[in-house]
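In what follows, a single structure is set out as structure tokens and then discussed.
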Amino acid sequence: MDQGCIETVWRQESRRVLATLIRLLGDFDRAEEALNDAFLAATERWPQDGVPANPRAWLVSAGRFRAIDRMRRRSRFARIAGTLAVIEEGEMATTAEPIADDQLRLIFVCCHPELPPDAQVALTLRETCGLLTEEIAAAYLARPATIAQRIVRAKARIRDLALPYEVPEPKQMLQRLDAVLRTIYLIFNEGYAASHGETAVRVDLCAEAIRLARLLRGLLREPQSELEGLLALMLLNHARRNARTDPAGDIVLIADQDRSLWDRAAIAEGAHLAEAALRMRPLAGYAIEAAIAAAHATAPTAEATDWARIVGLYDLLAQADTSPVIALNRAVALAMRDGPEAGLGEIDALLAAGPLTGFRYAHAARADLLRRLGRRDAAREAYVAALELTQQGPERRFLERRLRALGSPPP
């Protein structure tokens, strides 16, 4: 067995293992320490004994017992004797599904209304996605020290208030549904367009977000427009995963993608859910976004895309969501319907307003419209601005290719 096997298990299982260890140990920091101990044990044992049949359960068990040993060795044992007794008496699940549910429990803890919304986001991305503090800070245009403080304070508040590590009853669940859905969508978006690294798409995070949405859907007594819409949106976008990059891992724009590689079963399911969500009342923003995704996914060719419908849906969405990112996406759709000049005016106004100044996609979209208008010098400046804000390898290579096509070497 080579080191690559353990690295694969880390990518696939580490966040679920952590979620279970947090439940068993009752402390975020202690669980993260146990997670690292568990994988260290795996590097020592698996090359000799082989990979266990259930790696996740093995890692949870190893981490739990390493944590018990570590606590016994510490001088503060007397103060944690009660906690240790609970941990030792707790049942260790041996099947994958009960452990998998801990991921959803962790999200409900991270989204507890006792935590500030900005802390919910930071803590969730750290604990459920495994993003580094620096990566979260870059994604949300904040200083790493600020993000670190939010995470530390959120963990302390969870501990001090003894917030329950559980999926609440359906009535309480509905009260937290918006925050939980936002969190699941954050997980999906980090997979759909990774903020860092050399991989444009993290399929594992996308699949995990979809799994969590399905699990949550099964727990609710009645269909909810927000959840149906979000699941539809994720299915429709994830359906294009095999065509979004080329064999070298470089980005392929939707207009250039091989549509035969799209997952037609996921598109059919997503389009059906999107249509149903659009009929539900009150109408949810996710349902409108899903309808937009369905218009893209069901078009037989890029030229056949119904841009008039997409702009109309964005107009409807803008009534419920004044997010500048939504306005940016509408501007791009407007450029496809009415020409690049129309979209450029909208994007320039958004950038002048301020909130999107540090958003790489705003500068990249502006650069593309300027390129299409033949304004090469202005397009080069906009591509450079986008490149300076981009830390993901495939996106950087895409922008560099655009610059070279304009006759300008990347900075």
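So Pro411 ticks every box in (1) under 22 Å from the mean Cα position of the chain (by Cα); (2) not polar (S, T, N, Q); (3) not in a helix (DSSP H, G or I) but one. Which box is left unticked? Only one criterion is unmet by Pro411, namely (1).
Against the criterion of being at pLDDT 95 or above, closer than 20 Å to Leu350 by Cβ, of a type outside the set (S, T, N, Q) and in a helix (DSSP H, G or I), Glu275 does not qualify. Number of residues in the range 343-383 that are part of a helix (DSSP H, G or I), among the hydrophobic types (A, V, I, L, M, F, W, C) and open to solvent by less than 40 Å² (accessible area, probe 1.4 Å) equals 13. Does at least one position in the range 125-132 carry a residue that is open to solvent by 50 Å² or more (accessible area, probe 1.4 Å) and at positive phi? Within the range 125-132, none of the residues are open to solvent by 50 Å² or more (accessible area, probe 1.4 Å) and at positive phi. Within the range 105-147, the set of residues being of a type in the set (Gly, Ala, Ser) and within 26 Å of Asp204 (Cβ to Cβ) comprises Ala119, Ala122, Gly130, Ala137, Ala138, Ala139, Ala142.
What about Val152, is it open to solvent by 50 Å² or more (accessible area, probe 1.4 Å) and at pLDDT below 75? Please lay out each step first, then the result.
Details: open to solvent by 50 Å² or more (accessible area, probe 1.4 Å): yes; at pLDDT below 75: no.
No, not satisfied.
Within the range 25-65, the set of residues being touching a residue at least 60 places away in the same chain (Cβ under 8 Å) and open to solvent by 20 Å² or more (accessible area, probe 1.4 Å) comprises Gly26, Asp27, Asp29.
Which residue, of Gly229, Gly218, is on the phi < 0 side of the Ramachandran plot, touching a residue at least 40 places away in the same chain (Cβ under 8 Å) and either in a helix (DSSP H, G or I) or crowded, with 20+ Cβ neighbours inside 10 Å (or both)? Spell out how you get there, then give the answer.
Numbers: Gly218 fails: touching a residue at least 40 places away in the same chain (Cβ under 8 Å).
One residue alone meets the criteria, Gly229.
Would you confirm, using the coordinates I've provided, whether Arg11 is open to solvent by 30 Å² or more (accessible area, probe 1.4 Å), touching a Phe, Trp or Tyr at 6+ places or on another chain (Cβ under 7 Å), of a type outside the set (A, V, I, L, M, F, W, C) and not assigned by TED's automatic domain parsing to the domain that holds Leu131? It is false that Arg11 is open to solvent by 30 Å² or more (accessible area, probe 1.4 Å), touching a Phe, Trp or Tyr at 6+ places or on another chain (Cβ under 7 Å), of a type outside the set (A, V, I, L, M, F, W, C) and not assigned by TED's automatic domain parsing to the domain that holds Leu131.
For first residues located in the range 95-106 and crowded, with 19+ Cβ neighbours inside 10 Å, partners that are at pLDDT below 50 and lie 6+ apart or on another chain with Cβ distances below 6 Å form the pairs Ile99/Ala93. As for the range 156-178, it holds no residue that is surrounded by 16 or more Cβ atoms within 10 Å (Cβ to Cβ), within 15 Å of the chain's Cα centre (by Cα) and touching a residue at least 40 places away in the same chain (Cβ under 8 Å).
Taking Pro282, is it in contact with a Lys or Arg (Cβ under 8 Å, 6 or more places away or on another chain), touching a residue at least 24 places away in the same chain (Cβ under 8 Å) and not acidic (Asp, Glu)? No, not satisfied. Considering only residues in the range 198-255 that are modelled with pLDDT of 90 or more and hydroxyl-bearing (Ser, Thr, Tyr), the one that is farthest from Pro168 (Cα to Cα) turns out to be Thr245.
When Gly339 is tested against the conditions (1) exposed (fewer than 14 other Cβ atoms within 10 Å of the Cβ); (2) closer than 21 Å to Asp368 by Cβ; (3) at pLDDT below 95, the lone failure is (3). With the structure loaded, tell me whether Arg330 is in contact with a Phe, Trp or Tyr (Cβ under 7 Å, 6 or more places away or on another chain), without any contact (Cβ under 8 Å) to a residue 24 or more places away in the chain and either assigned to a helix (DSSP H, G or I) or surrounded by fewer than 21 Cβ atoms within 10 Å (Cβ to Cβ) (or both) or whether it fails that test. So Arg330 fits the description; yes.
The values are calculated or read from the model by the stated rules, or taken from the named source; none is laboratory data. What you see is a predicted model; the values in this text were computed from it and never measured. Note that each Cβ is placed from the backbone with ideal geometry, even for glycine, and that neighbours are counted across all protein chains shown. Surface accessibility is based on the protein's heavy atoms, side chains included, excluding ligands, DNA and RNA. Shrake-Rupley method; radii C 1.70, N 1.55, O 1.52, S 1.80 Å.
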